[in-house]
1. Restricting to region 197-222, name every residue that is touching a Ser or Thr at 6+ places or on another chain (Cβ under 7 Å), open to solvent by less than 40 Å² (accessible area, probe 1.4 Å) and not acidic (Asp, Glu).
2. Give region 407-449 a look and list any residue that's closer than 25 Å to Thr50 by Cβ and surrounded by fewer than 16 Cβ atoms within 10 Å (Cβ to Cβ), or say none.
3. Quick one: in region 113-143, which of the residues that are charged (D, E, K, R) and over 30 Å from His291 (Cβ atoms) is least open to solvent (accessible area, probe 1.4 Å)?
4. In the list Ala192, Ala164, which residue meets the criterion of being over 23 Å from Leu284 (Cα atoms) and modelled with pLDDT of 90 or more?
5. Does Thr28 satisfy the condition of being among the hydroxyl-bearing types (Ser, Thr, Tyr), within 13 Å of the ligand (Cβ to nearest atom), open to solvent by 10 Å² or more (accessible area, probe 1.4 Å) and in contact with a strand residue (DSSP E or B) (Cβ under 8 Å, 6 or more places away or on another chain)?
6. Quick check: anything in region 75-92 open to solvent by 20 Å² or more (accessible area, probe 1.4 Å), more than 16 Å from the ligand (Cβ to nearest atom) and modelled with pLDDT of 90 or more?
7. Hey, could you check region 165-196 for residues that are buried (at least 16 other Cβ atoms within 10 Å of the Cβ), of a type in the set (A, V, I, L, M, F, W, C) and assigned to a loop (DSSP other than H, G, I, E, B) and say which is nearest to the ligand (Cβ to nearest atom)?
8. Which one of these is farther than 20 Å from Ile102 by Cα, out of contact with any Lys or Arg (no Cβ under 6 Å at 6 or more places or on another chain) and among the β-branched types (Val, Ile, Thr): Val243, Val203?
Amino acid sequence: MDTDVLVVGAGPTGLMLANQLGRRGVRTLIIDRHAGPSVQTRALGVQARTLEIYSKLGIVQRALELGKRASGANIWSLGRRAARIPLGAIGLDISPYPFLLILGQDDNERLLGEALRAQGTAVSWNTELVGLAQEPDHVRAALKQPDGALREITAAWVAGCDGAHSAVRDLSGIAFQGAPYEHVFFVADTQATGTMVPDELNVYLWREGFHLFFPMRGTDHWRIVGIVPPELRGQKDLSFDDVVPSVRAEAGSGLSFQKCTWFSTYRIHHRRAERFRDRRCFLLGDAAHIHSPVGAQGMNTGLQDAYNLAWKLALVVTGRAGAALLDCYEDERIPVATRLLSTTDRAFSLVVSDNWLAGLFRTRILVKIAAFAMGFDRVQKLAFRTISQTGIHYRGSPLSKTLPGVPDAAPRAGDRFPWLRLKFQPDGPVEDLFAKLDDTRFNLVVFGQPVPSGGVPGLGELLRIHAVPGDSANDRELARARIPRPSFYLLRPDGHVGLAGTHLEIGEVVLYLTGRLHLDMKPA
Ligand SMILES: Cc1cc2nc3c(=O)[nH]c(=O)nc-3n(C[C@H](O)[C@H](O)[C@H](O)COP(=O)(O)OP(=O)(O)OC[C@H]3O[C@@H](n4cnc5c(N)ncnc54)[C@H](O)[C@@H]3O)c2cc1C
């Protein structure tokens, strides 16, 4: 076999997958048909959940240094600031990264590429997947080499991270269901001054659309995303100067542009692959789902597809789990993509509808509802959890098992385990639980009861146990997260709860690992 996993595409999704597989000892070959990394910014918003994953990969500090933290979003309508969503404060107890990081896709790809090189893996550029044939225990892949010659390689598994026009998807005969939106988007990198609140997201709503102003690195540097006004639709060779009057009309006549360094227009589709897997081939990122950029979710969702698949694939490739574990990649990620498509569709229709009544609703009523709702702590937290992707859960997954006795309000199997600051020794310091979790292994977090001395037989190095002693500071933290005592949570490597229960019985844990995860429990 030439490689364990052939990763097709070195965009953000493919780079994340190759990194996560490499960290878990899996041999990968990552190819891309382009000559080198993309230099276009494209996606801009890095969500809190992605930053949590970046921290495990060792690139979060660099990302934070390079990016700009947007601590709030301002909604403007009819020339007035109608509402402000305070992103920073809302998420303080939810994530170590309670903000939206504005960091271009090119920078994200550069950091992910550097991390991959540090593991000793280089992307094979100018190499295109042109053919696939599935055999019972491997895949034969035809690659067009930089010199144009074809070479056939064999891989145990293939990951299609090859974007919206995915060859893996087409060669696997998987339909990409959906349609294009009728609107044309524009994107412009500008230097501008105006009413925009510095260092925050500014959303200008108008009767026929919206303009988003993202703060970028540097002085007065703004990325503007909007839809092309109806009167300009169909016009060829559109330039930034053509859209300036409509931007000024809504963002105020005081808006002044010093320069525009990049302008592009693009059509957006909303589509989802009918399946995310065909036997030994998987689809991730834009190859599996595309939707409107409203909400800055696209790139982040692809990165998390990769984080979800990597640990499962690594356990199977290294012979620790049966291949049945891979079935739940689709079980878990298709519902996330379906929900995302429907929410971004709804949000998109609301902000771009040409309908006069919708325009009135958007500029007069929607902003008032937003301002009113954001006055409530619960609504703010729900908004943060949804946008930051920290609220994504797999409660309906076959891998999620909550034992009787766990209160309804407590974290349940499938949830991303909450971020806690705890004392792990009665006289020790308060520590960040996320920093202690090892995401290349399972983590068993045990509250208010002794930990069995032998650990979990047969799991060996695949498990880390974290015992949390009784302590008043710990009790306050557990009460905040509604975690009962006693309780235990077996976390999957990706930080989601696999098994949740009250009294720890090792037999239950073993049953879960062998029955649901198809793990081969080697004798200690
Ligand atoms: C103009 C623009 C603006 C955007 N703005 C936003 C935004 O603001 N927020 C947001 O979240 N998202 C945005 N997006 C979407 C975002 O860019 C994508 O969600 C993201 O790039 C998906 O990453 P990916 O790795 O899955 O796919 P891609 O980035 O498309 O990477 C796929 C890679 O696969 C390679 N490839 C394709 N076919 C083959 C083959 N046969 N063999 C080998 N390699 C192959 C390609 O060369 C490419 O490098 C925007 C997209 C565009 C075009």
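1. Those that are touching a Ser or Thr at 6+ places or on another chain (Cβ under 7 Å), open to solvent by less than 40 Å² (accessible area, probe 1.4 Å) and not acidic (Asp, Glu): Leu205, Trp206, Trp222.
2. Start the filter on region 407-449 by keeping residues that are closer than 25 Å to Thr50 by Cβ, which leaves 411-422, 431-443, 445.
Scanning region 407-449 gives Glu431, Asp432, Ala435, Lys436, Asp438.
3. Taking region 113-143 as the starting set, the residues that turn out to be charged (D, E, K, R) are 114, 117, 128, 135, 137, 140.
Among the residues that remain, those that are also over 30 Å from His291 (Cβ atoms) are: 117, 135, 137, 140.
Details: Arg117: 144, Glu135: 61, Asp137: 92, Arg140: 80 Å².
The residue in question is Glu135.
4. Details: Ala164 fails: over 23 Å from Leu284 (Cα atoms).
None of the other options fit; the residue is Ala192.
5. Numbers: among the hydroxyl-bearing types (Ser, Thr, Tyr): yes; within 13 Å of the ligand (Cβ to nearest atom): no; open to solvent by 10 Å² or more (accessible area, probe 1.4 Å): yes; in contact with a strand residue (DSSP E or B) (Cβ under 8 Å, 6 or more places away or on another chain): yes.
The answer is no for Thr28.
6. Scanning region 75-92, I find no residue that is open to solvent by 20 Å² or more (accessible area, probe 1.4 Å), more than 16 Å from the ligand (Cβ to nearest atom) and modelled with pLDDT of 90 or more, so the answer is no.
7. Kept after step one, since they are buried (at least 16 other Cβ atoms within 10 Å of the Cβ), are these residues of region 165-196: 166-169, 171-172, 174, 176, 178, 181, 183-192, 194-196.
Still in the running and of a type in the set (A, V, I, L, M, F, W, C): 167-168, 171, 174, 176, 184-188, 192, 196.
Subset that is assigned to a loop (DSSP other than H, G, I, E, B): 174, 196.
Numbers: Ile174: 15, Met196: 17 Å.
Restricting to residues being buried (at least 16 other Cβ atoms within 10 Å of the Cβ), of a type in the set (A, V, I, L, M, F, W, C) and assigned to a loop (DSSP other than H, G, I, E, B), the top hit is Ile174.
8. On the way: Val203 fails: farther than 20 Å from Ile102 by Cα.
It is Val243.
The values are calculated or read from the model by the stated rules, or taken from the named source; none is laboratory data. Not measured: the values here are computed from a predicted model. Cβ: placed from backbone, ideal geometry, glycine included. Neighbour counts: every protein chain shown. The protein model used for the area step is the full one, side chains on, heavy atoms only, and it has no ligands, DNA or RNA in it. Shrake-Rupley method; radii C 1.70, N 1.55, O 1.52, S 1.80 Å.
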